[in-house]
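> Questions regarding the structure given below will be posed in turn.
The values are calculated or read from the model by the stated rules, or taken from the named source; none is laboratory data. Note that this is a predicted model, so its numbers are computed, not measured. Counting neighbours? That spans all protein chains shown, and the Cβs are built from the backbone with ideal geometry, glycine included. What goes into the accessible areas is simple: the full protein's heavy atoms, side chains included, and nothing from ligands, DNA or RNA. Shrake-Rupley method; radii C 1.70, N 1.55, O 1.52, S 1.80 Å.
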Amino acid sequence: MKAVIMAGGFGTRLRPLTMNIPKPMVPVINRPIMEHVVELLKSAGFKELIVLLYFQPEAIQNYFGDGEKWGVKIQYIKPEADFGTAGSVKRAQPHLDDTFLVISADVLTDFDLQSALRFHEEKSSSATILLTRVKDPRAYGIVITEESGRIHSFLEKPTWGEVFSDTVNTGIYVLEPEVLEKIPPDLPFDFSKDLFPALLKEGVPLYGMITPGYWRDIGNLEDYRQAHMDILHGEVNIKVEGTRVNRVGMDIWVGKGVKIHPRAKLRGTVILGDGSQVGDDAYLHDSVIGPRTIISDGSQISDSVIWSDCEIGKEVRIKKAVLGFGVKVGPLASIQEGSVIADGCLIGNKATVSSGVRIWPFKHVEGGAFLTGSLIWGDRWSRSLFGNYGITGLANQEITPEFAAKVGAAYGTLLKKGQSIISSYDGHRACRLIHRSLMAGLLSTGINIFDLGQVAIPVARHATVSLEALGGVHVRKSPFNPKVIDIKFFDETGLDLPPTRERAIENSYFREEFLRVSPEEVGMISFPSRILEYYQESFLHALNLDVLREARFKVVVDYGFGTASTVLPILFGKMGVEVVALNAYLDERKITKSEEEYREALQALAEIVVSLKCQVGFMLDAGAEKLFMVDDQGKILSGDESLACLAYLVLKAKPGGKIAVPITASSALEEIADSQGGRVVYTRTSSSAMMLEAKKKDITFVGEVKNGYIFPEFQPFTDGMFALAKTLELLALEGTSLREVFSAIKPRAMVREHLACPWEMKGTIIRRLLEENPRERVMALDGVKIFFDRSWVLVLPDKDRPLLHVNAEADSEEVARRLVELYLNEIRSWMGVK
């Protein structure tokens with residue numbers, strides 16, 4: 001039997017540990033991780049191994065040679081380019097004439113590979129994917145199978161809303177040689193993204209085997225350290241070199257020539273490599289110590305991995321850290337939790353390396369220094385940079401000028417030198433600070449900037465397109481929290497960046513491998529004129545001005561102290577609308593509103609509308625993206641009610657049209673669409689998903705339940721200012737009022753609750769929901785939506801918080817609440833919570 005080992009990875013997420021060695025050579029319990037893979041394959045009967053190399057191939061070839069030492073025959077193939085996982089295996093096709101196995105060189109597992117071969121043969125499968133269940137499946141490809149094991153569908157690296165299972169692709173495959181014919185030669189081609197979906201579409205027998213045993217992808221630095229802890233705790237069936245010494249309270253593995261002082265204290269499980277030394281009164285707990293490493297008197301090391309040839313001075317404290325080859329740590333130094341110190345570094349006497357710090361190779365930290373600078377600023381950034389609203393954090397604490405400059409450099413590194421983007425902010429002084437820091441980082445990578453200064457978000461998006469910029473950034477004060485700033489990123493079409501590009505910025509940021517151009521290539525700043533005029537011209541061109549002028553509307557508009565006050569007044573004049581303006585000036589102190597302040601502002605708006613006998617009242621948020629509405633009788637419409645009214649008006653004006661709404665929207669919209677011969681399309685709840693839907697040619701309107709509306713004939717993003725004008729136009733076309741429109745709609749009862757749920761349980765909960773409900777009653781678009789007669793319930797994982805949202809709709813609030821409680825109780829039982 002033959003196996004293919006993919007050993008060409010760069011190991012960028014393991015940097016700085018992989019600065020000097022390829023990822024397959026990173027030691028796991030003092031031996032290269034690939035050596036454990038080779039031994040697993042040998043034990044399963046694989047005698048011929050084909051190793052695919054790319055990055056630093058000589059290090060792997062020099063160590064493993066022809067494989068004779070391990071009782072196998074190793075053949076090496078070096079593709080001349082990065083052809084992706086499947087494309088690289090394609091290069092081995094001439095050597096593969098029978099069933100073969102594919103495995104990564106950087107995976108730690110004790111799977112029974114023989115059982116996988118039997119499963120593959122029994123199912124007459126063309127391709128079998130070994131599957132496992134994980135707590136957080138977002139970093140992997142999710143695989144959904146039928147009861148027989150036949151694969152039903154794939155989802156590559158989902159968001160929490162798309163986590164429909166906790167069963168993931170392990171990257172271990174049993175394949176028939178004919179599937180290689182489906183891989184194009186000399187082109188980038190991936191197993192999970194390209195080959196397997198193509199096979200599934202063609203109906204080729206494709207199976208998934210949920211495999212018992214241990215599996216961990218050593219994908220990042222914490223995975224690397226945790227893999228060692230799993231080994232030390234006996235969770236992995238793996239060969240440990242050395243003599244095992246069992247004593248009360250400890251399990252010690254001792255290599256050749258190890259010296260342990262009689263008064264040293266070793267607790268838990270400790271692995272000591274050949275020639276290592278442990279001094280007087282030293283304390284070691286659940287740690288791996290590399291060959292020839294010296295632990296001096298009185299030092300305390302716990303839950304850590306220390307590579308070979310290190311010197312740890314007296315009274316040093318190391319906790320949950322990783323040290324590379326040849327690191328020297330001076331007496332009384334402290335290496336705190338989550339730190340990673342690469343090869344050859346010198347940490348001076350009494351120095352402190354703070355939590356989460358990563359130090360690149362051969363750096364010198366002076367004695368007494370307190371090192372806090374790092375790629376990771378603490379737990380706040382350990383999960384991801386991006387959330388629902390871009391990059392969000394405490395102003396000048398988490399989002400600092402230094403941080404913003406790094407983010408700008410990370411973004412600029414991914415763009416082409418000499419290209420241009422737009423940059424803007426909302427008017428607050430803290431946002432201006434971060435805006436300028438972002439610009440500095442971008443300029444350092446050779447990116448030119450159109451500085452729009454203080455503008456509304458829809459204007460900034462419009463300018464991205466009109467200026468033919470490659471993208472954009474906008475810094476705003478959070479509408480909800482006065483201490484928080486959001487950094488929003490746009491693509492070349494003005495839309496929010498897709499998740500793949502957000503992840504690329506994150507990877508660039510955490511690697512800190514920024515492009516630094518020469519002084520002559522530093523980017524330039526320009527200040528484009530007439531941006532507001534271009535926006536206003538496009539705005540008016542997309543409206544029926546004759547209808548608006550004839551209607552002679554009198555309205556109340558609350559500008560919310562935001563940037564809309566610099567845009568709308570002149571437009572109202574062109575539309576012939578009489579406006580009673582509230583808060584129509586910029587005030588950075590009032591950009592953010594609490595929930596209570598929003599309610600009070602809406603109530604004040606309602607009272608003014610009634611007292612001045614106006615036809616309708618509107619309130620805009622500070623960024624001019626969201627629109628809130630009040631009818632002539634002072635009724636404040638909820639987000640669901642406003643969406644229903646606008647859907648009704650749009651479909652009245654364009655019978656047979658297609659509207660798009662998030663999966664959280666009321667099914668009353670379908671009744672409205674049916675009455676006008678229209679159709680409702682559901683999207684995921686993210687703003688980027690709704691914007692992408694708005695770009696489709698047949699979509700006439702996109703709306704959300706949180707007061708964001710898109711009219712694609714103008715631009716495919718939420719714009720509260722245009723939504724306001726379009727609402728007036730639609731009312732004028734129908735010759736009706738907002739109150740009359742609302743009275744024509746039959747609202748349904750909606751109940752929305754949420755439940756605390758640990759991150760690691762989210763995938764399990766979603767999988768259980770899919771397993772417990774018939775497929776024909778389930779929509780798995782964003783979370784899981786389960787349909788009943790005239791009612792439904794939706795369980796939606798929160799992207800940013802350890803929460804599940806549970807929404808239900810029915811004909812009565814009583815039934816909807818009963819549905820919510822039913823599923824809340826069911827989920828609590830699955831989590832073991834009473």
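A quick yes/no check of all residues on (1) modelled with pLDDT under 95; (2) farther than 19 Å from E588 by Cα:
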position	(1), (2)
R383	yes, yes
F386	yes, yes
G390	yes, yes
G393	yes, no
E402	yes, yes
G408	no, yes
R429	yes, no
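> If you go through region 803-810 one residue at a time, do you hit one that is open to solvent by 20 Å² or more (accessible area, probe 1.4 Å), touching a Gly at 6+ places or on another chain (Cβ under 9 Å) and of a type outside the set (D, E)?
Yes, some residue in region 803-810 is open to solvent by 20 Å² or more (accessible area, probe 1.4 Å), touching a Gly at 6+ places or on another chain (Cβ under 9 Å) and of a type outside the set (D, E).
> Of everything in region 568-598 that's without any contact (Cβ under 8 Å) to a residue 40 or more places away in the chain and closer than 20 Å to R739 by Cα, which residue is surrounded by the most Cβ atoms within 10 Å (Cβ to Cβ)?
V579
> Within region 10-46, count every residue that is buried (at least 19 other Cβ atoms within 10 Å of the Cβ), in contact (Cβ under 8 Å) with a residue 60 or more places away in the chain, at negative phi and in a loop (DSSP other than H, G, I, E, B).
5
> Next question. Which of the helices (runs of 4 or more DSSP H) found entirely inside region 515-604 contain at least 3 residues meeting this: out of contact with any Cys (no Cβ under 9 Å at 6 or more places or on another chain) and farther than 28 Å from T464 by Cβ?
Qualifying helices (runs of 4 or more DSSP H): 545-551.
> Applying the selection to region 299-323, what residues are touching a Leu at 6+ places or on another chain (Cβ under 9 Å), among the hydrophobic types (A, V, I, L, M, F, W, C) and either in a strand (DSSP E or B) or open to solvent by 10 Å² or more (accessible area, probe 1.4 Å) (or both)?
Matches in region 299-323: I301, V305, I306, I312, V322.
> How do the strands (runs of 3 or more DSSP E) wholly within region 416-492 filter down when requiring 1 or more residues that are within 18 Å of G708 (Cβ to Cβ) and out of contact with any Leu (no Cβ under 6 Å at 6 or more places or on another chain): which remain?
By residue number, 472-477, 484-490.
> Quick one: in region 176-189, of everything that is touching a residue at least 60 places away in the same chain (Cβ under 8 Å) and in contact with a strand residue (DSSP E or B) (Cβ under 9 Å, 6 or more places away or on another chain), which residue is farthest from F154 (Cα to Cα)?
Restricting to residues being touching a residue at least 60 places away in the same chain (Cβ under 8 Å) and in contact with a strand residue (DSSP E or B) (Cβ under 9 Å, 6 or more places away or on another chain), the top hit is P177.
> Still on this model: Under 27 Å from the mean Cα position of the chain (by Cα), open to solvent by 50 Å² or more (accessible area, probe 1.4 Å) and of a type in the set (D, E, K, R): which single residue out of E241, E222, E235 fits that description?
Going through E241, E222, E235 in turn, just one is under 27 Å from the mean Cα position of the chain (by Cα), open to solvent by 50 Å² or more (accessible area, probe 1.4 Å) and of a type in the set (D, E, K, R): E222.
Yes/no per residue for (1) of a type in the set (D, E); (2) over 19 Å from the mean Cα position of the chain (by Cα):
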| residue | (1), (2) |
| --- | --- |
| I766 | no, no |
| N773 | no, yes |
| L804 | no, no |
| E809 | yes, yes |
| L822 | no, yes |
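> Would you call I74 β-branched (V, I, T), surrounded by fewer than 21 Cβ atoms within 10 Å (Cβ to Cβ) and outside any loop (DSSP other than H, G, I, E, B)?
When the stated conditions are applied, I74 passes them.
> Based on this model, can you work out whether V795 counts as on the phi < 0 side of the Ramachandran plot, touching a Lys or Arg at 6+ places or on another chain (Cβ under 9 Å) and open to solvent by less than 10 Å² (accessible area, probe 1.4 Å)?
Yes.
> A further question follows. Of everything in region 545-567, what is of a type outside the set (K, R), open to solvent by 60 Å² or more (accessible area, probe 1.4 Å) and farther than 29 Å from Y598 by Cα? Give them in sequence order.
Answer for region 545-567, where residues must be of a type outside the set (K, R), open to solvent by 60 Å² or more (accessible area, probe 1.4 Å) and farther than 29 Å from Y598 by Cα: D546, E550.
> Quick check: is even one residue across region 96-103 within 29 Å of the chain's Cα centre (by Cα) and within 27 Å of P185 (Cα to Cα)?
Yes, some residue in region 96-103 is within 29 Å of the chain's Cα centre (by Cα) and within 27 Å of P185 (Cα to Cα).
> Exactly one condition in (1) at positive phi; (2) surrounded by fewer than 20 Cβ atoms within 10 Å (Cβ to Cβ) is not met by N62; state its number.
Result: N62 passes all but (1).
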